[in-house]
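Asker: Below is a structure I'd like to ask you about.
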């Protein structure tokens, strides 16, 4: 089946739809990437190694900088040392993070320095936020080695967060999603089981249900994906991402009437006129 013509309109509008309506299946690269430091290794500063490293990423990113930016960046980087006061190090990491986000617009260094600050600060809130940055971003990353690197970063951060708060279901789901989407294990089942542990305890956990639905979509198990998405829809009927995913998955399965029904249900929640027109056109094409 050809991809719907209106799909390109969703790029940058809906994160979830942007990932799955393109029909991307994560390449089945079975390489298992190990980490140098785990969350319980006793290190506050916990870099993780993979097929690529942060040094490789930073060196590549710096090639896009002006001479003045390189000088400023090197000065700031050189101010980081293990002898510095903890709060000063955290401040510098945040400066570096903001530089890469605001002045350059490159995600990986921004997320890395944000994560380094979170590791040093070691608060559950900051560790979880940093982990979610990597997890959310890696799901749209087509480069396998970089996706694995991001998954390992998120895994380490989630594990550190869980050491502080072992009952944090959101962190447990996030950790499972690292295995599911980051291919840091020989089988995605390791990640699925971690997420199922939460969902079986609380079937109304939307985050868990969505992660399992995404896993089913990637593996082509559309029936399971629809079941999960319908569960989420009952809990949160105004979720536009879910409504459009239900429409798209039903369309892929040839259930055009159901697809039209879900597209119609999504229209009251669409704020972008261009997207609304595209959905209406798609409904007509399916009749």
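None of the figures in this text is laboratory data; all of them are computed from the coordinates on show. Please read these numbers as outputs of a predicted model, since none were measured by experiment. As a convention, Cβ positions derive from the backbone with ideal geometry for all residues, glycine included, and neighbour counts pool all protein chains shown.
Asker: Based on the Cβ-Cβ distance from residue 196 to residue 67, what FRET efficiency comes out when R0 is 41 Å, to the nearest 0.05? Walk me through the numbers on the way to the answer.
Answerer: On the way: r = 52 Å, r/R0 = 1.28.
Efficiency, from the Cβ-Cβ distance: 0.20.
Asker: Calculate, in nm to one decimal, what residue 258 and residue 79 gain on full extension: separation in residues at 0.36 nm each, minus their alpha carbon distance. Please list the in-between numbers first.
Answerer: On the way: separation 179, 0.36 × 179 = 64.44 nm, distance 5.93 nm.
The residue 258-residue 79 span can extend by a further 58.5 nm.
Asker: Between residue 145 and residue 277, what is the label-to-label distance in nm when each label sits 7 Å out along the Cα-to-Cβ direction?
Answerer: That separation, rounded to one decimal, is 4.4 nm.
Asker: How far, in nm, would the chain grow between residue 103 and residue 206 when pulled straight, counting 0.36 nm per residue and subtracting the alpha carbon separation? Could you put the intermediate results ahead of the total?
Answerer: On the way: separation 103, 0.36 × 103 = 37.08 nm, distance 3.53 nm.
Contour length minus Cα-Cα distance gives 33.6 nm.
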